[in-house]
Amino acid sequence: MTDITETIRAEKSRTALSVQAGFLIIGLLLLLLAPFFFYPIFLMKLLCFALFACAFNLLLGYTGLLSFGHATFFGGAAYFTAYTVKTWGVPPELGILIGVAGAALLGLVMGYIAIRRQGIYFAMITLALSQMFFFFCLQAEFTEGEDGIQSVPRGHLFGFIDLNNSTSMYYFVLAVFVIGMLLIWRFIHSPFGMILKSIRENENRAISLGYSVARYKLGAFVMSAALAGLAGALKSLVFQFATLTDVAWQMSGEVILMTLLGGIGTLIGPIFGAGLVVTLQNYLATSEFPVTIITGVVFMICVLIFRRGIVGEFYASWIGRKLGFVYRR
Amino acid sequence: MTMIFGIPVQALLGQLLIGLINGSFYALLSLGLAIIFGLLRIINFAHGAQYMLGAFVAYLMLAYGGIGYWPALILAPLAVGLFGAVVERLFLRRLYGLDPLYGLLFTFGMALAIEGTFRYLYGSSGQPYATPSALAGGTNLGFMFLPIYRGWVVVMSLVVCIGTWLLIEKTKLGAYLRAATENAVLVQVFGVNVPVLLTLTYALGAGLAAFAGVLAAPVYQVSPLMGSNIIIVVFAVVVVGGMGSIMGAIVTGYVLGVAEGLTKVFYPEASNIVIFVIMAIVLLVRPAGLFGRDA
Amino acid sequence: ADGASDGKVKIGILNDQSGVYADFGGKSSVEAAQMAVEDFGGKVLDSPIEIVDADHQNKPDIASNIARQWYDTEQVDAIMELTTSSVALAVQAIGKEKKKIDIVTGAATTDLTGKACSPYGFHWAYDTHALAVGTGGALVKQGGDSWFFLTADYAFGYSLEQQTSDFVKANGGNVIGSVRHPLASQDFSSFLLQAQSSGAKVVGLANAGLDTSNAIKQAAEFGITQGGQRLAALLFTLADVHGLGLEAAQGLTLTEGYYWNRDDESRAFGKKFFDRTGKMPNMIHAGTYSAVLQYLKAIQKAGTDDTDAVAKQLHEMPVDDVFGRGGTVGPNGRMIHDMYLLQVKKPDESKEAWDYFDVLATIPGKDAYIDPAKSGCDLVK
Amino acid sequence: MVALLEVRGLNAWYGESHILHGVDMYVGEGETVTILGRNGVGKTTTLRTITGIVRARRGKISFAGADMMQVPLHKTAHKGIGFVPEERGIFSTLSVSENLLLPPVVAEGGMNLDEIYELFPNLYERRASAGTKLSGGEQQMLAIARVLRTGVKMLLLDEPTEGLAPVIVQRIGEVLRKLKERGMTILLVEQNFRFASRIADRFYLMDHGQMVTEFPVGELPQRMDTLHSVLGV
Amino acid sequence: MAVPATETNATPRVVLSARGLRRDFGGFTAVKNVDLDVYDASVHALIGPNGAGKTTVFNLLTKFLQPTHGTITLMGTDITRTSPDKVARMGLVRSFQISAVFPHLSVLDNVRVALQRPNNLSTQFWRPVSALDRLNDRAEELLANVGLSKERDHIAADLSYGRKRVLEIATTLALDPKVLLLDEPMAGMGQEDVSVVSAIIREVARVRAVLMVEHNLSVVADICQQVTVLQRGEILAEGDYASVSQDPRVREAYMGTEES
Ligand SMILES: Nc1ncnc2c1ncn2[C@@H]1O[C@H](COP(=O)(O)OP(=O)(O)OP(=O)(O)O)[C@@H](O)[C@H]1O
Ligand SMILES: Nc1ncnc2c1ncn2[C@@H]1O[C@H](COP(=O)(O)OP(=O)(O)OP(=O)(O)O)[C@@H](O)[C@H]1O
Ligand SMILES: [Mg+2]
Ligand SMILES: [Mg+2]
């Protein structure tokens, strides 16, 4: 009896695995071919935001911490990279690393303060702290105020790949994106990720099993910040500037919207969410609809009737379940 | 002239008073937030938008209906409260029992939508609203020129804050409200119409925000952006106070208003972040906030 | 290559249409551009002229994305308006790289024609320097010789304050003090009290938008102007005065490059604009009109819409329209034209709707703008 | 005996899962009835469905002649039903006395405060402290005391002795007997069979969402075998 | 399994002890003057009427609450000021009065989470989850011990109440604690589960100290060597079950006159 159920279960997860692998390969192929059909800068922007949203989701979806201050890491890293590449003339790959390190450091400081509280307090605290960082960037010398750091050279990757060529830039961005996603995937499905999950489930119990919950949360926070920084650093090279919009609280709101739209707690949901938001913003820019109203209304609709997001709804749908996906939150 | 840290005592007194005025708005707003959070477990991100709505309703009443400040002081909060009631009935109700972050996100979207609508209709440079003639002008207090209207703001906010506190802590209605937050179903089983209570609560919170908005209209430019500028600061105020007590929200509002006012004198560059800095320090020393109960 | 390259001349208006600067330019700027096209006759070199527009939402990345797409795939020949300096600088850099024309009317930074100048980039309506000269210099001549600044605490505020003080001092005035306030302060009373007790004759507001509006409104409350001090806003336009109301704004001094009720010609344009938009134009609207018109004239004259040829004409042709009367364009792309020192009327002096200003002085273009040779632009040898 | 509460063919669901499969039962006026059953058979669900907390339900519930299926949740108490939930439901932000005074009085004939404090001296001692600072047993007493004030005709009690010390269990037994003497109708869910046997007039035995058997207290000795096999007592 | 350490010793060893423990809540003293010694390889029961302070004593011992006065020693180390997670790592592990499992993890994962830390598999974020597979044998052994093998792939939330408590005990045992604190482990359990859990406790206590709060006196009589009776925060009586249950003060304060 148990044997049969087990085989069925194994069978099911095997189909699920192959289906998922299939999707993955198709997705990658699409991304590889995309620049032949779409405008590369648009695609790069999309990838940057997708990575940003996935990094954010790492925290929200897998540790249950809603940060309302992730713009700090995204925008902070953008500034660090833009500044070091433009002013110190460091090569792009090093610039990105500096951006990531900076974001991680910011994450450490903000996390250290914010993880003292949970739930919505946590959200409010991160919001307040990131607002503080916004004012810092506004007033600091090196960010060049509301002009932003402009005309950042993309430079040559490893000294020989010219990133000014938008095709090579695209594939560079794609490579970083894939690496970022792999990191997130590994991270979620790791022993550490397991502990995070259990903390989200029952924090007191985790403490009583001897886990210093605060440290695990902080670890997750820093990793999420670093990955968000990776996205921001990349974006500053793609667009060749870093400005205040990247650190403003509206940006933190946007990344939440992306994640919510795509599906909180799903690995690839935020990619779809980011795609949708970026497309929408571009579309709305040339339409008659006022952007803020639409954004606001989309938010409301999502929360009310679409909480699982696109990918979450798909997973939970009949087809999704047939294909062996699980959505649980 | 006596000096403190190089600042004349008189100027200092003036700045203290001004801080108190600012604090009046913080107190009113954080009070409303605390009530809504306390009872509905929703962080009302739309609180700033409702504050803005209050000011705008007052402006619209004047511009299109010839209704002046005094009636507006009552009518605008009622109107916004009614709007809040409708929102609660139609939408927020569906979010009870879910992770509170959904409430936060919903109201965030709502704030964007409301603000966007008003920006779309009225632009962002704001609308004029004059001080009511009965409160125009000012008195010379010796150490400063105090516009009478500002004094009025302090008095009104104190009255409303204390009144609300009494309502919640000392009345049977308040007891129902508090109980309903913990276990709405049970309170309902006991024979209390909880859904109506919750609607009233949200309406009350929204009405308080709108009241602050009407008070602000003659002082600040009536603009669609006025809410989003202040809401984040009010969040910080609430964190510093701790969500445990209504009184905490009120007191912290005033105290931080004064703290900010003093910073404007001694180190004006930092005056926009001083509340955030205080927040960080308080969190490190007392994670539950100054008046918070849950550690 | 004669005629329009693709049988069409396309102009993109890229600005903030829903955010904080929406009243500054916004959709009305698109209308102004449309008016210019109509006034020009709707066709240039026998090709139709098309205006496209987009709302950049104050996000440089969206602006940059749209600008690239416009230039690359939608055959847009020039992009104009470009409110917000971060956007203007980003788009100008793209234009430079792609050899495409941009004409900025919405942003204020002098960098556009300074260290970030482009052979294809033009700055049309105003800049921080012109505002500083107008308000700072001219006001001292009117007797406002001691100043106290309320400065927004970021680069834009500093540079306005810096430039203005220079002109105040150059004209024999002195600066008694200044206080820096954070961006988006709701309450200015603390700062106003400090300004009041300083005893300066002029309180200079080196900030923008809502901050300026709030400061002015509260200054009235605290009786600053009644106390004999004068308020000078360094970046403030007709649209802002309209939002503030004459009651609160009366007596305020400011500088603009255009005022609709100045003479018959400007009145005629103003009325026409009003009929289409429901509001009177400020210098950004009129400037955008002028920029579009001049661009079309340049194409006409060059006989082609080729970027280099048109840019050459734009640099050489004198400007003569309702906005840029007697204007010239410097080698750095700066359009040099007269500016006006304006004072807001008392409510009972205002004779009709939108009749808000008295013109106190006219500042000749050559005084108002930085000499191209000293602008720091490396195109000027 | 007149049936005060009558339940016919009651079905109830939690989301997709079907928990009650046609419950039939009645409780007469002034009677004390106990539902016995293993963990998870649906005892709590039965009570929650009768009060209207579980609204995904089908069947017939009538109480004192009224059709309870149509009554909104906040009107249940006004019809005369008082509920003491399994998890007790003490409000932490309310003091003990506020907790006690919370439920609105719905009819004449409830106890007054003095009587209640006499019955539960612990509560009097701790009346000013916050509700959930009480120990488990104190909370249970408070939960029962709370509905006694309101003048309801019938009490639904869900495992009132769970986690309580033997003395307290005895005390609660005494309280219930006293209430019974005053004519209170009681529907009790219990795992503590011995406790139940001392106060109940009649038993229902529940399994898999249905009442499998019913018998008066007098038949208890004959039924011990069934109880053994179903409950493992 | 660990080597039974104390069997050779003549006198049983005290592993957990408290001296002069006191805790105030505002003006109210929930626990006062409690001295407690818990011996290795024994089951110690803490009983008393509701509100006596049993859970509070647990919270104090495991550092979820800070004592107002007094000291706590765990295997010779003063832990009065140690954080709760640290205390757990030192080998003092508790269960909660309200069942505490990770509801959306599978039964097996619940146990594996507990096994991760002692096996140094909790911070590796660079390794795949399959690294945890080597914990499976041990986890399954633990589940088998408590009779949960059949449910190993169930989601914990789907278990019945009693099974959840059993799972919780298995999780706790996974840490191989030196001292085990169980707060009403049998509450709400059916009779079958009660016997299962009693047997488990008896078994684990052969090499560990167990301190438990329990109202089910037949269980206490059955498996506990030591009984401490608490009343109003103070110790009323102490000793083995037989002597304690004869104590008239205990009968009056706790057990009552009739058998229930
Ligand atoms: N909120 C809920 N959602 C889904 N299923 C539930 C819910 N509450 C209870 N159940 C399930 O319904 C069934 C009956 O539960 P119920 O609480 O009525 O049992 P019970 O007889 O009272 O058991 P116990 O003696 O343990 O209290 C159980 O299988 C339980 O798992
Ligand atoms: N956080 C607290 N604040 C104030 N009083 C408290 C707090 N926690 C417990 N108490 C009080 O301390 C006393 C002891 O409570 P405790 O929970 O330890 O009792 P217990 O012996 O475990 O009871 P039970 O068997 O009912 O669980 C109770 O009177 C309770 O009201
Ligand atoms: Mg039950
Ligand atoms: Mg207890």
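The values are calculated or read from the model by the stated rules, or taken from the named source; none is laboratory data. Here the structure is a predicted model, which is why all the values come from computation and not from measurement. FYI the Cβ positions are ideal-geometry reconstructions off the backbone, even for glycines, and counts take in every protein chain you see. With ligands, DNA and RNA removed, areas are computed over all heavy atoms of the protein, side chains included. Shrake-Rupley method; radii C 1.70, N 1.55, O 1.52, S 1.80 Å.
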- [ ] Would you kindly state how much longer the chain becomes between A:Ile161 and A:Arg321 on full extension, computed as 0.36 nm times their sequence separation minus their alpha carbon distance, in nm to one decimal?
- [x] 53.2 nm
Task: Top positive-direction residue, dipole computed over the range A:15-323 with Cβ charges, set A:Phe239, A:Thr279, A:His70 - done: A:His70
Open item on the list: Just to confirm a number: summing +1 for Lys and Arg and -1 for Asp and Glu over residues other than C:Asn65 whose beta-carbon lies under 10 angstrom from that of C:Asn65, what do you get?
Closed with: +2
Task: Residue-wise HN-Hα coupling along the range C:309-320, computed from phi with Karplus coefficients 6.51, -1.76, 1.60 (Hz; x: Gly, Pro) - done: 5, 5, 4, 4, 4, 4, 5, 8, 5, x, 9, 8
TODO: Could you work out the longest stretch of chain A that avoids the chymotrypsin sites (Phe, Trp or Tyr not before Pro) located in DSSP loops with at most 16 other Cβ atoms within 10 Å?
DONE: A:161-305
TODO: Mind putting a number on the dipole of the protein assembly as shown about its Cα centre? Charges go on the C-beta only, +1 for Lys and Arg and -1 for Asp and Glu, and I need it in Debye to the nearest 20.
DONE: 2120 debye
Task: Anchor E:Lys63: lysines whose Cα lies under 18 Å away (excluding residues fewer than 8 positions away in-chain) - done: E:Lys32, E:Lys54, E:Lys86, E:Lys178
TODO: Could you sort A:258-267, D:72-81 so that the peptide with the highest average Cβ count within 10 Å comes first and the rest follow in order?
DONE: A:258-267, D:72-81
Open item on the list: List the residues, sorted by chain then number, that are 5 or more residues from E:Leu16 or on another chain and whose placed amide H is less than 5 Å from its amide H.
Closed with: E:Val38, E:Met75
TODO: Specify the angular offset, from 0 to 90 degrees and rounded to the nearest 10, of the alpha carbon long axis of helix E:191-204 from the longest principal axis of the alpha carbons in chain E.
DONE: 90 degrees
TODO: Please go through the residue pairs C:Lys169/C:Lys366; C:Lys272/C:Lys297; C:Lys279/C:Lys366; A:Lys235/C:Lys8 and name each one whose alpha carbons sit more than 23 Å apart in this structure.
DONE: C:Lys279/C:Lys366; A:Lys235/C:Lys8
TODO: List the lysines whose Cα lies under 23 Å from the Cα of E:Lys150, skipping any in the same chain that are fewer than 8 positions away.
DONE: A:Lys12, E:Lys164
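Counting heavy atoms of the protein chains only and a 1.4 Å probe, report the per residue accessible area for the protein assembly as shown as a whole number of Å².
Here the residues of the protein assembly as shown average 35 Å² of exposed surface.
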Open item on the list: Along the charge dipole of chain E, pointing to its positive end and built from +1/-1 on Cβ of Lys, Arg, Asp and Glu, which listed residue (E:Ala156, E:Phe58, E:Val213) has its Cα farthest out?
Closed with: E:Phe58
Task: Whichever lysines have a C-alpha closer than 16 Å to that of C:Lys345, once near sequence neighbours (fewer than 8 apart) are set aside - done: C:Lys217
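Pull up the DSSP beta bridges for the protein assembly as shown and report the antiparallel fraction as a percent, rounded to 5.
Percentage antiparallel, nearest 5: 50.
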Task: 18 Å Cα-Cα threshold exceeded, pairs from A:Lys45/A:Lys86; C:Lys312/C:Lys381; C:Lys10/C:Lys98; D:Lys43/D:Lys133; C:Lys141/C:Lys201; C:Lys100/C:Lys312 - done: A:Lys45/A:Lys86; D:Lys43/D:Lys133
Open item on the list: Taking C-beta distances below 4.7 angstrom as the pairing criterion, name the unpartnered cysteines of the protein assembly as shown, in sequence order.
Closed with: A:Cys48, A:Cys54, A:Cys137, A:Cys302, B:Cys161, E:Cys224
TODO: Compare D:His208, B:His47, E:His215 by solvent-accessible area with a 1.4 Å probe and give them largest first, with all protein chains kept in place.
DONE: D:His208, E:His215, B:His47
Task: DSSP-defined beta bridges in chain C - what % are antiparallel, rounded to 5 - done: 30 percent
TODO: Return one number: the angle in degrees, 0 to 90 and rounded to the nearest 10, between the long axis of the Cα atoms of helix C:283-302 and the longest principal axis of the Cα atoms of chain C.
DONE: 30 degrees
Task: Distance (nanometres) between label positions extended 7 Å along Cα→Cβ at E:His154 and E:Glu252 - done: 4.7 nm
- [ ] Mind giving me the nanometre distance, one decimal, between the label points for D:His18 and C:Gln142, set 7 Å out from Cα along Cα→Cβ?
- [x] 8.6 nm
TODO: Run the quick spin-label model on D:Glu125 and B:Leu78: label points 7 Å from Cα toward the beta carbon, then report their separation in nm to one decimal.
DONE: 5.3 nm
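Place a +1 charge on the Cβ of each Lys and Arg in chain C and a -1 charge on the Cβ of each Asp and Glu, then give the dipole magnitude about the Cα centre in debye, rounded to the nearest 20.
In total the dipole reaches around 660 debye.
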Task: Net +/- balance of residues flanking C:Gln250 in space, Cβ distance below 15 Å, scoring K and R +1, D and E -1 - done: -2
- [ ] Quick one: among E:Arg249, E:Arg23, E:Arg94, which has the greatest mean-square fluctuation in a GNM of chain E with alpha-carbon springs under 10 angstrom?
- [x] E:Arg249
Task: Sequence-distant residues sharing a close amide H with E:Arg94 (under 5 Å, placed H) - done: E:Leu181
Open item on the list: I need the chymotrypsin sites (Phe, Trp or Tyr not before Pro) found in the range E:22-130, filtered to DSSP loop residues with at most 15 other beta carbons within 10 Å of theirs.
Closed with: E:Trp126
Task: Filtered trypsin sites (Lys or Arg not before Pro), the range C:29-104: DSSP coil and at most 16 other beta carbons within 10 Å - done: C:Lys99
Task: the range C:163-198 and the range C:41-105: distance between their alpha carbon centers, rounded to Å - done: 37 Å
Task: Solvent accessible area, Å² - E:Arg208, 1.4 Å probe, full protein context - done: 10 Å²
- [ ] Please determine, in degrees from 0 to 90 and to the nearest 10, the orientation of helix D:220-231 with respect to the longest principal axis defined by the Cα atoms of chain D, where the helix direction is its Cα long axis.
- [x] 90 degrees
Open item on the list: Between E:Asn120 and E:Asp35, what's the calculated FRET efficiency when r is the beta-carbon distance and R0 is 35 Å? Round to 0.05.
Closed with: 0.40
Open item on the list: Let me check I've understood the local charge: for E:Arg232, count other residues with C-beta under 14 angstrom from its C-beta, Lys and Arg +1, Asp and Glu -1. What total comes out?
Closed with: +1
Task: Amide hydrogen neighbours beyond the local backbone of E:Ser42, cut-off 5 Å, H modeled - done: E:Arg208, E:Ala209, E:Val210
Open item on the list: I'd like the Karplus ³J(HN,Hα) series for the range B:66-75: coefficients 6.51, -1.76, 1.60, θ = phi - 60°, whole numbers in Hz, and an x wherever there's a Gly or Pro.
Closed with: x, 8, x, 4, 4, x, 4, 4, 8, 5
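Taking 0.36 nm per intervening residue step and subtracting the Cα-Cα distance, what contour gain separates C:Asp6 from C:Lys312 on full extension?
Additional length available on full extension: 108.1 nm.
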Open item on the list: Spelling out what I want: for every residue of the range E:13-24, take phi, set θ = phi - 60°, compute 6.51 cos²θ - 1.76 cosθ + 1.60 (Karplus), and round to whole Hz; glycine and proline get x.
Closed with: 8, 7, 9, 10, 9, 10, 10, x, 5, 8, 9, 9
TODO: Please build a GNM for chain B, connecting alpha carbons under 10 Å apart, and tell me which residue among B:Phe276, B:Phe118, B:Phe190 fluctuates the most.
DONE: B:Phe190
Task: Listed residue (C:Ala298, C:Ile284, C:Ala309) projecting farthest to the positive dipole end of the range C:263-316, Cβ model - done: C:Ile284
TODO: Let me have the relative contact order for chain A, percent, based on Cα pairs under 8 Å that are six or more residues apart.
DONE: 31 percent
